[in-house]
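*Asks:* Below is the structure I would like to discuss, written out as structure tokens.
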Amino acid sequence: SLAKRHKFWETQPVGQFKDLGDASLPEGPIEPPTPLSEVKQEPYNLPSPYEWTTCDLDSEDMCNEVYVLLTNNYVEDDENMFRFNYSKEFLRWALHPPGYYKSWHIGVRVKTSKKLVAFITGVPARIRARDTVVVMAEINFLCVHKKLRSKRLAPVMIKEVTRRVHLENIWQAAYTAGVVLPTPVSTCQYWHRSLNPKKLIDVGFSRLGARMTMSRTIKLYKLPDQTITPGFRKMEPRDVPAVTRLLRNYLKQFVVAPDFDENDVEHWLLPKEDVVDSYLVESPETREITDFCSFYTLPSSILGNQNYSTLKAAYSYYNVSTKTPWIQLMNDALIVAKRKDFNVFNALDVMHNETFLKELKFGPGDGKLHYYLYNYRINHVLRPSELGLVLL
Ligand SMILES: CCCCCCCCCCCCCC(=O)CSCCNC(=O)CCNC(=O)[C@H](O)C(C)(C)COP(=O)(O)OP(=O)(O)OC[C@H]1O[C@@H](n2cnc3c(N)ncnc32)[C@H](O)[C@@H]1OP(=O)(O)O
Ligand SMILES: CN(C)Cc1n[nH]c2ccc(-c3ccc(F)cc3OCCn3ccnc3)cc12
């Protein structure tokens, strides 16, 4: 990536590879805000066959158009065997957090057919970088239809979402990607814990280990039917204040982390069927909430398999351990995920996740997830364990 030209990204206020050695550059915003009167008032020009559209996900039809575009054209693994299949309910959850802007849900249509062929989104979030809380846009769901790739549409979409974010007087952003761009704040490894090893092997997600039989493999990943931690239960609305306190105190230790308040916790962490699951440990003795774990539901379409069409995957979200050991807490998370018929439980090596990954029989994934900040310099590339942020 050092040799590669980034004709678009070299024009953007992001850390540039050439600056990596330069420790003299100050941490913080790379460019000052532009006076709102000087922000471009009209949308960027698209190539003539296309037009901008704002996607209202509360509209069943529009939400369905976005769902279909992503289902057929969004992120695939490196071997093109799986493609993320975010559900409509999940998209509404991910894109309607407190304070969201509909204008940041941007689509591109073909003028004649009105077909939706591209998409990019932002949602506002308060992110702390070291000791500074910054209102940022979390950018996600950048997608160009497979038939319109390599036409430099992505830079135009990125500039347009940047312009609309600027109009709301927000000047920073956070995003993650499986590709290397100028310049990662951190690079994380993802890990997978088999819950249904037979299906994972049948679809080619996993391979039978050397000198392993299928029955030996099934036994290796077997989990108890019941969770073992006393006081382990689903999170409920009445728990929002205590979970907010627990999570805010836990996230303080990371260099980059969300600055969640009770409204944010209510939206992002209250259980929502087939979207997000969250559990906590309420001490039977003291009634205090001492631990928390959560995971979100993100299936992947299985491309080209006769017997299965969908891989049901759970992704580790935010977890806190203050009394229950990490291994025990996360093993209970695996137990409830298995009981809910997830095939695999995925986790990044962020926060304290590396303390349980190996012991709970996670295997390393085949790629990396890079974290980025836009118009904000963090001087040293962060270790994954310094990151307290999970983007969907
Ligand atoms: C203050 C507010 C600021 C807000 C904005 C902040 C920044 C937000 C940034 C967005 C964050 C999104 C986060 C997110 O959604 C999570 S990462 C998932 C991105 N989506 C996918 O992978 C879906 C499948 N792929 C596609 O749809 C296309 O391949 C896409 C659309 C990815 C690129 O379409 P294409 O037809 O393949 O390519 P061209 O149009 O010809 O353009 C090529 C240029 O695009 C650069 N590129 C490629 N992939 C990128 C990626 N994932 N991020 C950023 N840039 C990416 C590439 O380096 C090159 O620039 P360079 O020449 O300089 O190298
Ligand atoms: C984060 N969010 C922005 C979506 C996103 N974009 N790009 C990505 C690249 C990797 C991961 C990822 C993150 C955690 C994980 F355990 C497995 C992952 O990908 C496996 C490979 N894969 C891709 C599609 N189906 C399977 C997510 C993403």
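The values are calculated or read from the model by the stated rules, or taken from the named source; none is laboratory data. Predicted, not measured: the structure shown is a model, and the values here were computed from it. Methodologically, a virtual Cβ is constructed for each residue, glycine included, from the backbone with ideal geometry; neighbour enumeration extends over all protein chains shown. Only protein heavy atoms, including side chains, enter the accessible area calculation; ligands, DNA and RNA are left aside. Shrake-Rupley method; radii C 1.70, N 1.55, O 1.52, S 1.80 Å.
*Asks:* Using a Förster distance of 51 Å, how high is the FRET efficiency between Asp131 and Ser48, based on the Cβ-Cβ distance and rounded to 0.05?
*Replies:* 0.60
*Asks:* Restricting to DSSP loop positions (anything but H, G, I, E, B) with no more than 13 other Cβ atoms inside 10 Å of their own Cβ, which trypsin sites (Lys or Arg not before Pro) remain in the stretch 238-308?
*Replies:* Here the sparse-neighbourhood loop sites are Lys252, Arg287.
*Asks:* Something else: Could you provide, to the nearest whole Å², the per residue accessible area of the stretch 283-380 with probe 1.4 Å?
*Replies:* For the stretch 283-380, the per-residue accessible area is 39 Å².
*Asks:* Return the FRET efficiency for the residue pair Asp225, Arg149: r is the Cβ-Cβ distance, R0 is 41 Å, and the value is rounded to the nearest 0.05.
*Replies:* Efficiency at R0 = 41 Å is approximately 0.35.
*Asks:* Suppose only helical runs count, i.e. DSSP H with n ≥ 4. What mean residue ellipticity at 222 nm does that imply for the chain under -39500 (n - 2.57) per run, divided by all residues and rounded to the nearest 500 deg cm²/dmol?
*Replies:* One gets -6500 deg cm²/dmol as the mean residue ellipticity at 222 nm.
*Asks:* Right, another one. Using 20 Å as the Cα-Cα cut-off, could you pick out the over-long pairs in Lys222/Lys312; Lys234/Lys361; Lys146/Lys199?
*Replies:* Table pairs above 20 Å Cα-Cα are Lys234/Lys361; Lys146/Lys199.
*Asks:* Less than 24 Å apart at the alpha-carbon level, and either on another chain or at least 8 residues along: which lysines does that give for Lys40?
*Replies:* Lys7, Lys102, Lys111, Lys151, Lys159
*Asks:* Ignoring ligands, DNA and RNA, what accessible area per residue does the stretch 41-130 give at 1.4 Å, in Å²?
*Replies:* It amounts to 43 Å² per residue over the stretch 41-130.
*Asks:* Continuing with the same structure: In nm, to one decimal, how far is the Leu167 label point from the Arg5 one, both placed 7 Å along Cα→Cβ?
*Replies:* For Leu167 paired with Arg5, the spin-label model returns 3.3 nm.
*Asks:* Extension gain Thr187-Leu20, at 0.36 nm per residue separation less the Cα-Cα distance, in nm?
*Replies:* Result: 58.6 nm gained on full extension.
*Asks:* What does DSSP give for the chain in terms of the percent of beta bridges that are antiparallel, rounded to the nearest 5?
*Replies:* Here the antiparallel bridges make up roughly 90 percent for the chain.
*Asks:* Could you give the size of the charge dipole of the chain about its Cα centre, using +1 on the Cβ of each K and R and -1 on the Cβ of each D and E, expressed in debye and rounded to the nearest 20?
*Replies:* 1340 debye
*Asks:* Val381 to Lys111: extension gain in nm, 0.36 nm per residue of separation minus the Cα-Cα distance?
*Replies:* Fully extending the segment from Val381 to Lys111 adds 92.9 nm.
*Asks:* By a straight-distance test (C-alpha under 12 Å), which aspartates and glutamates pair with Lys252 as possible cross-link partners, with residues fewer than eight away in the same chain excluded?
*Replies:* Asp131, Glu386
*Asks:* To continue, here is another question. Using a cut-off of 17 Å between alpha-carbon atoms, which aspartates and glutamates can reach Lys88, once sequence neighbours fewer than 8 places away in the same chain are excluded?
*Replies:* Once the sequence-local aspartates and glutamates are set aside, what remains near Lys88 is Asp56, Asp58, Glu60, Asp61, Glu65, Glu273, Asp274, Asp277.
*Asks:* A further question follows. Computing the accessible area with a 1.4 Å probe over protein heavy atoms, can you report the carbon and sulfur percentage for the stretch 267-349?
*Replies:* That share works out to 44 percent.
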